[in-house]
Amino acid sequence: CPVPKVLKAKSGGFLLTDKKRIEKIISRIAPKIKKPLTIKIRLGWDAGSTNAPEIVEIAQSCGAAAVTIHGRTVKQGFGGEADYEIIKNIKKTASIPIIVSGDIDTPLKAKQVLEYTGCDAVMIGRAARGKPWVFFNIACSLNNATGFAPGDLKQTSFNCTGSKINYSSIDDAGKMGQLIDNNDILSMFNFEPSREFKKKFALLYLKFLSEFETEQGAAMQFRKYLAWIFKGVPNISRVKKEFFMVKDYDDVKNLMEKI
């Protein structure tokens, strides 16, 4: 984690400056738990200390089951672009699964990064903030999901590598493409839901948040999600300032009528 207040507490990304402490943490936790222990790191503290290869060696020797590596240094924060070269080299010698992270937001990008690095999996972060369906898109495209025909659009689910996946708005599935064959599967699942889908999704999302917070508390938290969900929607700027004024479910519902 590159957040300043976390680094100030000598936690998160700061740990990359203290290899002995990392070794101590992993070696104490790994043998004490029944579940596999995985860790997530960055390339290093800064460009002059990209010690991810050493951290991975420590992790695997101390019992970690897998390591996720974000392709930036701690000092970079989320600036610039993710660098996958070091991750690619780490994967060549690692004895445990390596998961690549950073700037992976479409099925095509996931495919390209996996092919380039040879990693075992990708981890999605910021891309999911406003479009949690990105997991569905990427998983199905990488696993060669079963295509479906135009007449099947009224179905509520379809198979993806043998597992049945429910899709809450199958009418919107038409946005994926006009039901193409598996040779164009990446295009099929690199879709952007309609404005109406996003409006319904926003209200559903708020209801989920309300199960864990008061209605007002959920609405306050939800303000940032509104900005992420509707990012890129044409003419959204005219109501964007209202995202940060909603106080309850009714406010959000009324706002959806303006979008």
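Only the coordinates and a few stated rules stand behind these numbers; no lab work does. Everything quoted here is computed from the prediction, not taken from an experiment. Neighbour counts are summed over all protein chains in view; Cβ atoms, including those assigned to glycine, are modelled from backbone coordinates with ideal geometry.
What to note about this one:
- Residues in region 20-77 that are aromatic (Phe, Trp, Tyr) and closer than 22 Å to LYS92 by Cβ: there are none.
- Selection of strands (runs of 3 or more DSSP E) fully inside region 1-113 by the criterion of at least 2 residues being of a type in the set (D, E, K, R) returns 38-42.
- Just one of the listed residues (ILE96, ILE25, ILE29) is without any contact (Cβ under 8 Å) to a residue 60 or more places away in the chain and within 30 Å of GLU115 (Cα to Cα), namely ILE96.
- Residues of region 85-108 that turn out to be among the β-branched types (Val, Ile, Thr) and under 12 Å from the mean Cα position of the chain (by Cα), as a count: 3
- All told, ILE90 meets the bar of being in contact with a strand residue (DSSP E or B) (Cβ under 7 Å, 6 or more places away or on another chain) and farther than 22 Å from ASN143 by Cβ.
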